[in-house]
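The values are calculated or read from the model by the stated rules, or taken from the named source; none is laboratory data. What you see is a predicted model; the values in this text were computed from it and never measured. Ideal geometry is used to build each Cβ from the backbone, glycine not excepted, and the neighbour counts take in all protein chains shown.
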């Protein structure tokens, strides 16, 4: 029995280690390479011990100033898209949770189906429309698009969260004279905060890294950081790998820290309603 | 008592600020130059024009009271965006940069024919611009773009590795190249395993170069598909032989263009084929283990290649176009004229651009700065594109590469692969 437990424990440890290596190695390679002298990045055999340098970050600052503008744009767009998606998802999730009709129930299915459409399908026909509305190369267009693509998933998530909040609390508030809007703000939102944060995590990760919409709908004023990184990769006069890895590290760090910080909410979001009887 | 300063924010104040701010922005205030020319390009096109004190367009900006706003993308996304912008009712972009293998008849029709402008308001010494490049930008009799940059392929070699293997001089024929590649597939003194040559497997230009070394081709300018199958077979036979002997890496099928650069810089490969413009990067002491030791020559043809048929290397060129729906075409043409001038062409060449003017190569400053200028000029004289533009070009290239890879790694005979290329690509050819 003891041996069996030992074998199972070792197996789990090996599996977890392999999984960690699989997911962390590329990140470690990028971060380490951003501090390595250029000649050592692709050295064979690899140099694990090296004198760290900030040269690549300095070069990034001097030669690719547009990358930092991109980071600012990414931040503005991510914040706007997250706020929009969270507000819309919470309101919609509340409506779905507290109301029931044949139309509402079938529209939930529609919400999920919308997520199955590849973004490219809607992107190209949207280009002339966005252009005609003079919204091309604005932060607003990306905020709206990112939020739109996440409202469906966010709504389903929020409905699951709000379903867990007893309806008696709504009724008690109603007896005290609260309207729907007050109930949502004062009762539902504080209790559904973990769900709201989970939705926010999903939107932040998506909006921060998104490439396709940003590529189609921006040019200079709202250009995001992933677009600038793609330019570095596609440089026709040669890729400066050190600078590219420095940019990738700066692009990765904020969202990685955010996800680590919000990890428990993310897990809560993904398991919401899992044990509902 | 609260002693913190209070910030009062009235509804009237908020509305006033919002309306005032919106009105100010709607008035489209002018902060600097009177006009702005929006240019859609690759980052490199912006970089070679210089900045601050080295800004090659400073005089033009001042004379036209105009500023230049670049929107930059990677090559393929750039072409995609350019064509999309040119398809709209109108566009803010005055000038776009196009690659010479893209303008089919349909695409060319999106851009302003420049023949009349070139006559009424001519570019300085237009005949000095390489004729082959100008021809590549002439579609259905219309000149739609003015060449601005070229990347011509050369054979790069690591001189230190050649010396270590006892090879006195780089090859002069393809047969010598193969022999040297085999000799240079060894473990160097530093303990690094070296392969003779590294080539990306996802670019058509390499098999096309090997076919041309025997006088063959993939698709000619007049749309003949594999005009000499035997020459194509010989070219692929060489590649296959190199793979079998280990002179091409075992990872050939997954090798990319950037691997060619890093392998040569690290001393993991002795030869590769890259644009001459990569010389500076390959010898950059911050990236390369062999600064100053990586040199380049013309890619050699086979000893069997007829003397009157020189080896035609591959050149890819960029040109400047004006979308038909651009708003200020006069300003756009003025920019193109300035960028095409002798002064700016040379200035860009000194900043690393492949100059499209023959005269630039004779300039002492360029010769001093770029030791490959002379050989590059010679190669450019006979170079041509990998294949001409046509609607199904991308699919034809992918099909050809699929067959080449199967032949090189030995999953198909070379003869069958060439036959398959002809059979599968024929339906894709323009009528």
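Being more than 9 Å from chain A (Cβ to nearest Cβ), out of contact with any helix residue (DSSP H, G or I) (no Cβ under 9 Å at 6 or more places or on another chain) and touching a residue at least 60 places away in the same chain (Cβ under 8 Å) is the filter here, so list the residues in region B:280-318 that pass it.
Answer for region B:280-318, where residues must be more than 9 Å from chain A (Cβ to nearest Cβ), out of contact with any helix residue (DSSP H, G or I) (no Cβ under 9 Å at 6 or more places or on another chain) and touching a residue at least 60 places away in the same chain (Cβ under 8 Å): B:306, B:309.
Looking only at region B:144-181, count every residue that is surrounded by fewer than 18 Cβ atoms within 10 Å (Cβ to Cβ) and closer than 24 Å to residue B:339 by Cα and tell me the total.
Count: 0.
Could you say which residue among A:148, A:138, A:123 is more than 14 Å from chain B (Cβ to nearest Cβ) and surrounded by fewer than 20 Cβ atoms within 10 Å (Cβ to Cβ)? Walk me through how you get there before you give the answer.
Working: A:138 fails: more than 14 Å from chain B (Cβ to nearest Cβ); A:123 fails: more than 14 Å from chain B (Cβ to nearest Cβ).
Going through A:148, A:138, A:123 in turn, the sole match is A:148.
Looking at region B:68-93, which of its residues are more than 12 Å from chain A (Cβ to nearest Cβ) and touching a helix residue (DSSP H, G or I) at 6+ places or on another chain (Cβ under 7 Å)?
none
Which condition number in (1) without any contact (Cβ under 8 Å) to a residue 12 or more places away in the chain; (2) within 14 Å of another protein chain (Cβ to nearest Cβ); (3) not in a helix (DSSP H, G or I) is the one that residue A:100 fails?
All conditions are met except number (2).
What's the total number of residues in region A:243-269 that are at pLDDT 95 or above and either facing chain B (nearest Cβ under 8 Å) or part of a loop (DSSP other than H, G, I, E, B) (or both)?
Final tally of qualifying residues: 0.
Only one of A:79, A:85 is within 31 Å of the chain's Cα centre (by Cα), surrounded by 10 or more Cβ atoms within 10 Å (Cβ to Cβ), at pLDDT 90 or above and over 20 Å from residue A:225 (Cα atoms); which? Write out each step before concluding.
Values: A:79 fails: over 20 Å from residue A:225 (Cα atoms).
None of the others qualify; the one that does is A:85.
Quick one: residue B:388 ticks every box in (1) outside any helix (DSSP H, G or I); (2) out of contact with any strand residue (DSSP E or B) (no Cβ under 9 Å at 6 or more places or on another chain) except a single one, so which number is it?
(2)
Residues checked against (1) under 19 Å from residue B:88 (Cβ atoms); (2) away from chain B (no Cβ under 14 Å); (3) over 24 Å from the mean Cα position of the chain (by Cα):
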{"position": "A:132", "(1), (2), (3)": "yes, no, yes"}
{"position": "A:156", "(1), (2), (3)": "no, yes, no"}
{"position": "A:159", "(1), (2), (3)": "no, yes, no"}
{"position": "A:175", "(1), (2), (3)": "no, yes, yes"}
{"position": "A:190", "(1), (2), (3)": "no, yes, no"}
{"position": "A:221", "(1), (2), (3)": "yes, no, no"}
{"position": "A:226", "(1), (2), (3)": "no, no, no"}
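For region B:226-329, list the strands (runs of 3 or more DSSP E) that sit wholly inside it and hold at least 1 residues that are surrounded by fewer than 16 Cβ atoms within 10 Å (Cβ to Cβ); which are they? Give the derivation first.
On the way: elements: B:269-275, B:294-297, B:315-321.
Result: empty, no element qualifies.
Which residue out of A:148, A:75, A:123 is in contact with a helix residue (DSSP H, G or I) (Cβ under 6 Å, 6 or more places away or on another chain), assigned to a helix (DSSP H, G or I) and either free of Cβ contacts under 8 Å to residues at least 24 places away in the same chain or closer than 23 Å to residue A:211 by Cα (or both)?
A:123
To keep it simple, each residue is scored yes or no on (1) modelled with pLDDT of 95 or more; (2) away from chain A (no Cβ under 14 Å).
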{"residue": "B:186", "(1), (2)": "yes, yes"}
{"residue": "B:189", "(1), (2)": "no, yes"}
{"residue": "B:196", "(1), (2)": "yes, yes"}
{"residue": "B:210", "(1), (2)": "yes, yes"}
{"residue": "B:231", "(1), (2)": "yes, yes"}
{"residue": "B:256", "(1), (2)": "no, no"}
{"residue": "B:259", "(1), (2)": "no, no"}
{"residue": "B:276", "(1), (2)": "no, no"}
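Kindly evaluate residue A:196 against the criterion of being crowded, with 20+ Cβ neighbours inside 10 Å, part of a helix (DSSP H, G or I) and more than 14 Å from chain B (Cβ to nearest Cβ).
Taking the combined requirement at face value, the residue satisfies it.
Mind listing just one residue for me: the one in region B:33-67 that is touching a helix residue (DSSP H, G or I) at 6+ places or on another chain (Cβ under 6 Å) and within 14 Å of chain A (Cβ to nearest Cβ) and, of those, farthest from residue B:148 (Cα to Cα)?
The selected residue is B:37.
Looking at this structure, is residue A:111 over 19 Å from residue A:192 (Cβ atoms) and part of a helix (DSSP H, G or I)?
Judged against the criteria, residue A:111 is not a match.
Take residue B:337 and tell me if it is closer than 28 Å to residue B:40 by Cβ, in contact with a strand residue (DSSP E or B) (Cβ under 7 Å, 6 or more places away or on another chain) and at pLDDT 95 or above. I'd like the intermediate steps shown before the answer.
Numbers: closer than 28 Å to residue B:40 by Cβ: yes; in contact with a strand residue (DSSP E or B) (Cβ under 7 Å, 6 or more places away or on another chain): no; at pLDDT 95 or above: yes.
No; evaluated as a whole, the condition is false for this residue.
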